[in-house]
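These notes concern the structure reproduced below.
The values are calculated or read from the model by the stated rules, or taken from the named source; none is laboratory data. Because the structure is a prediction, the values reported are computed rather than measured. Note that we place each Cβ from the backbone using ideal geometry, even for glycine, and neighbour counts take in every protein chain shown. These area figures cover heavy atoms from the full protein model, side chains too; ligands, DNA and RNA do not enter into them. Shrake-Rupley method; radii C 1.70, N 1.55, O 1.52, S 1.80 Å.
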Amino acid sequence: MGDEISTLMSNSKNKIVLLRLRNNKTVRGNLQDFDIHMNLTLHEAEDISDNKITKLGTILLRGDNILSVSLPEEES
Amino acid sequence: MGDEISTLMSNSKNKIVLLRLRNNKTVRGNLQDFDIHMNLTLHEAEDISDNKITKLGTILLRGDNILSVSLPEEES
Amino acid sequence: MGDEISTLMSNSKNKIVLLRLRNNKTVRGNLQDFDIHMNLTLHEAEDISDNKITKLGTILLRGDNILSVSLPEEES
Amino acid sequence: MGDEISTLMSNSKNKIVLLRLRNNKTVRGNLQDFDIHMNLTLHEAEDISDNKITKLGTILLRGDNILSVSLPEEES
Amino acid sequence: MGDEISTLMSNSKNKIVLLRLRNNKTVRGNLQDFDIHMNLTLHEAEDISDNKITKLGTILLRGDNILSVSLPEEES
Amino acid sequence: MGDEISTLMSNSKNKIVLLRLRNNKTVRGNLQDFDIHMNLTLHEAEDISDNKITKLGTILLRGDNILSVSLPEEES
Amino acid sequence: MGDEISTLMSNSKNKIVLLRLRNNKTVRGNLQDFDIHMNLTLHEAEDISDNKITKLGTILLRGDNILSVSLPEEES
């Protein structure tokens, strides 16, 4: 990832992020870590697709399933 | 990316770009940054598919989901 | 994988993990080993999709089929 | 790309090319630049699928979406 | 593949393995060899999908089609 | 490509080849050039799918869309 | 490919092989050559899917379309 993109991700650590996945699911959680493949670890992850909330706990999500990462609570 | 292509992308920073995605969605936003994989960060992103506008906020979009990037407001 | 992600996976060895796959199946088992491609070996693996349990025994699962890995019994 | 293929593409710069895409769309435009991944920039691009013409402006099109590039106005 | 994963595969040589494929087929056979891409050779391979048995003889199966490898007769 | 495969392709230059594509289309044309990714340039290309002939002119076809290349007029 | 796998393929040169493809087609032919990507050349190739035989002549088949290679006439 480009430097600024990596910085943006780093700034989102320990914040709530919203992941749109390629399978049309939406997952929300507290970003713990990520790598250059956009593999992510989330705490207190929830699948919030289809107006339902399913608790997922701590998950490792493979980056190649991700469409986009939203940072709804970023205030900078 | 080739040099000219990278330059074109760089010239579009802080401008509104229109992304057509492989899943047939269309996303519009203010281009902040990009990397060699065409991973992009957008400010004030909006999903404008299907004649609806859904606010997405600041997003990081994985490049492998992109079909094309339009630069509708480029005047050079 | 990033160092912390690799650490998280290592800490899950000999614990029960829950795998969501790209084909919508869900597999549960005792994590034995993994590599940088997220290829995993599981003991006492079970396919628990569709409210049925199918015993799989010891399996090697290719990482490129994985959507996410949940660590439901992690207490740290 | 092989040398001759690269030369063919280079000779098509500033000419109208016709792109058939993997999603069955057809796009026409003035080729500005390309890179080794077949990422292309087009001026005055138009989606001409389904007997309709939709103006796209200047676009950057990811090469991995391309089926073929036709050079209808090449006279060499 | 990680060392332990490679060891597990090596220990399965000349044993019956069960392959679940990405196209939902199931293939069983005597594992002869494998490489780092999980390309496998099987003796006396059988397609056992859909409650039918189709003899395949000696086959080379490309690893990128594999979902998982089960080792049902492993006793260690 | 292996040496003999590359030689076979080279021997087919300036001959008519028949391409079966992954999207089930069939394209015929005079092979001009190719590279290690099996990207090909064809002169007087024609889409001959579905018992119709559509003239394509000179095209560059991305190799990752190809299923097979037939050399129907090879006499060696 | 692993050494033994490559040897197995080499031993099959000038023999009839049966290819199952990812698009569910089955192709039979006399193996001429192959490379590390499992790209193959076949003489007297035939599409034998759906209980029909279609002559294909000499073909180059891209390896990434292959599910498995059967060696029905191997006697070693």
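Using 29 Å as the Cα-Cα cut-off, could you pick out the over-long pairs in D:LYS25/E:LYS25; A:LYS13/C:LYS15; A:LYS13/C:LYS52; B:LYS25/D:LYS52; A:LYS55/E:LYS25?
Working: D:LYS25/E:LYS25 33 Å; A:LYS13/C:LYS15 26 Å; A:LYS13/C:LYS52 37 Å; B:LYS25/D:LYS52 19 Å; A:LYS55/E:LYS25 32 Å.
Violating the 29 Å limit, Cα to Cα: D:LYS25/E:LYS25; A:LYS13/C:LYS52; A:LYS55/E:LYS25.
For chain B, the longest stretch holding no trypsin sites (Lys or Arg not before Pro) located in a DSSP loop with at most 14 other Cβ atoms within 10 Å is which? Each step should come with its number before you reach the end.
Values: sites that count: B:LYS13, B:LYS15, B:LYS52.
Counting at most 14 other Cβ atoms within 10 Å as exposed, the longest clean stretch of chain B is B:16-51.
Would you work out the relative contact order for chain B, in percent, from Cα pairs under 8 angstrom that are 6 or more residues apart? Can you show the working numbers first?
Details: 146 pairs, mean separation 23.3, N = 76.
It comes to 31 percent, rounded to a whole number.
How many nm is it between the label spots at C:LYS52 and D:SER6, if each spot is 7 Å from the Cα in line with the beta carbon?
Result: 5.5 nm between the two label points.
With every protein chain left in place, what is the accessible area per residue of the protein assembly as shown in square angstrom, probe 1.4 Å? Working shown, then result.
On the way: 25840 Å² over 532 residues.
Ligands and nucleic acids excluded, the result is 49 Å² per residue.
How big is the C/A interface in buried accessible area, both sides summed, 1.4 Å probe, to the nearest 100 Å²? Write down the numbers at each step before the final one.
Values: alone 5240 and 5240 Å², together 8940 Å².
Answer for the C-A pair: about 1500 Å² buried.
Need one number: nm distance between label points at B:HIS43 and G:LYS13, each 7 Å from Cα along Cα→Cβ, rounded to one decimal.
With each label point 7 Å from Cα toward Cβ, the separation is 6.2 nm.
Less than 10 Å Cβ to Cβ from B:ASP3, Lys/Arg counted +1 and Asp/Glu -1: what total charge do the surrounding residues give? Could you put the intermediate results ahead of the total?
Numbers: positive: none; negative: B:GLU4, D:ASP33, D:ASP35.
Cβ neighbours under 10 Å give a net charge of -3.
Estimate the FRET efficiency between E:ASP64 and D:ILE36 by the formula 1/(1 + (r/R0)^6), using the beta-carbon distance for r and 25 Å for R0, to the nearest 0.05. Intermediate values should be presented prior to the final figure.
On the way: r = 24 Å, r/R0 = 0.95.
The value I calculate is 0.55.
Per the helix-only calculation at 222 nm, which mean residue ellipticity applies to the protein assembly as shown, given -39500 (n - 2.57) for every DSSP H run of n ≥ 4 and division by its residues, nearest 500 deg cm²/dmol?
Details: 7 runs with 63 residues, N = 532.
So the helix-based figure for the protein assembly as shown works out to -3500 deg cm²/dmol.
Determine which chain F residue has its Cβ at minimum distance from the rotation axis mapping F onto G, giving the value in whole Å.
Spelled out as residue then distance in Å, it is F:ASP64, 9.
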